[in-house]
Amino acid sequence: MQKVGLLGDLHLTSKAPERRKDDYYRTLLGKLKQAFDIFEQDGCQWVFQPGDFFDSPQVGNSVIADIIKLISYYRFEVLVCAGQHDIFGHSLETLHSSPLSVLEAANSISLLGRNKNLIGENIWVYGASFGEEVPNPSKVEGYFSVLVIHRMIGNRQLYPDQPLEDPREFLRKYPKFDLILCGDYHYRFQDHYQGRVIINPGAIVRKTISKYDQEHRPAVCILDLKDLSVKVVELKVKPVEEVFDLTIRSDTNERNEALNRFISSLREQNRFKVGWKAILSRVLEERKPKQSVCNLLNAVLEEVKC
């Protein structure tokens, strides 16, 4: 019986988000170890992860070393595509200098590309990293095709007019894939259509005190390739009030309104050339503004599509 473990976005980092009260890094490592233990105990032969493995391409060497050590304890293979947080300037041209490439050089993970990666005897795995087009695989009888993709696909908008691709429609649009694993969107969903399945296990992180993050239950999924049955296993996490400072500051609503106005104006103008996100990211890296400014602009980078 062949089983695969499915992860969502990890956003591994040693830097704690605003309002976290716990040792955030140790919490993240603990969640990842939980997930890997679940996969090992269930007999998973492979683990797929759909990007944003790291929260930043500037993650410290100690974090990379910890991940290499952690993965080395397990027998399964970890296959990953890249998200925008994994690469400098949101550009795949920088993938070779990213922490993901270090993990691959250490034989901790395998990076997925648009060409098929054969695992086992009859499983073809393709990757579509952030900004990449979906591959067009051959459909061969007896072979199981997997797409691991970092793309904003989801079943509920997180803010008004959020550009989202519907999971069922995406599954219909790409009929040559038996399994599609999605990242980028942080919340769990799964859908089945004509004997195929699309899944997002959801991020293992809770980064904000938003309503969505407070309701979010970090989990992993295990897929049985024989019958495409999916088992969802929620991770053990502390209550929101134990890990977050839920005190509401008076400027929160004003800041959110300003952010929404900024996002709306960028969408309406729609006059930015390709690469403006990369330029902005480079400026942030070089000028190193206050963390509050970085948090605001990173939110814009995540939510704006031009």
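The values are calculated or read from the model by the stated rules, or taken from the named source; none is laboratory data. Quantities reported herein were computed from a predicted structural model and do not represent experimental measurements. Glycine gets a Cβ as well: all are built from the backbone with ideal geometry, and neighbour counts include every protein chain shown.
Quick rundown of the values:
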{"item": "First in the range 2-26 and within 28 Å of ILE198 (Cβ to Cβ), second anywhere and assigned to a helix (DSSP H, G or I), Cβ under 6 Å, 6 or more apart", "result": "GLY5/PHE39; LEU12/LEU28"}
{"item": "Residue check for TYR74: over 17 Å from the mean Cα position of the chain (by Cα) and touching a residue at least 60 places away in the same chain (Cβ under 8 Å)", "result": "no"}
{"item": "Some residue of the range 192-208 being at pLDDT below 90, exposed (fewer than 13 other Cβ atoms within 10 Å of the Cβ) and not β-branched (Val, Ile, Thr)", "result": "no"}
{"item": "Boolean, PHE53 is buried (at least 17 other Cβ atoms within 10 Å of the Cβ), under 17 Å from ILE204 (Cα atoms) and not aliphatic (A, V, I, L, M)", "result": "yes"}
{"item": "Looking only at the range 110-164, and only at residues there that are surrounded by 14 or more Cβ atoms within 10 Å (Cβ to Cβ) and of a type in the set (D, E, K, R), the one that is farthest from LEU6 (Cα to Cα)", "result": "GLU132"}
{"item": "Selection status of LEU70, modelled with pLDDT under 95, out of contact with any Cys (no Cβ under 7 Å at 6 or more places or on another chain), aliphatic (A, V, I, L, M) and surrounded by fewer than 18 Cβ atoms within 10 Å (Cβ to Cβ)", "result": "no"}
{"item": "The range 211-241 - residue that is assigned to a helix (DSSP H, G or I) and at pLDDT 90 or above and, of those, nearest to TYR143 (Cα to Cα)", "result": "VAL240"}
{"item": "Count of residues meeting criterion [assigned to a loop (DSSP other than H, G, I, E, B) and in contact with a strand residue (DSSP E or B) (Cβ under 6 Å, 6 or more places away or on another chain)] in the range 9-49", "result": "5"}
{"item": "Odd one out for ALA82 among (1) at pLDDT 95 or above; (2) not hydroxyl-bearing (Ser, Thr, Tyr); (3) not in a loop (DSSP other than H, G, I, E, B)", "result": "(3)"}
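To keep it simple, each residue is scored yes or no on (1) among the aromatic types (Phe, Trp, Tyr); (2) assigned by TED's automatic domain parsing to the domain that holds LYS231; (3) on the phi > 0 side of the Ramachandran plot.
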{"residue": "LEU10", "(1), (2), (3)": "no, yes, no"}
{"residue": "ALA16", "(1), (2), (3)": "no, yes, no"}
{"residue": "TYR25", "(1), (2), (3)": "yes, yes, no"}
{"residue": "GLY51", "(1), (2), (3)": "no, yes, yes"}
{"residue": "GLN58", "(1), (2), (3)": "no, yes, no"}
{"residue": "SER62", "(1), (2), (3)": "no, yes, no"}
{"residue": "SER72", "(1), (2), (3)": "no, yes, no"}
{"residue": "HIS85", "(1), (2), (3)": "no, yes, no"}
{"residue": "SER101", "(1), (2), (3)": "no, yes, no"}
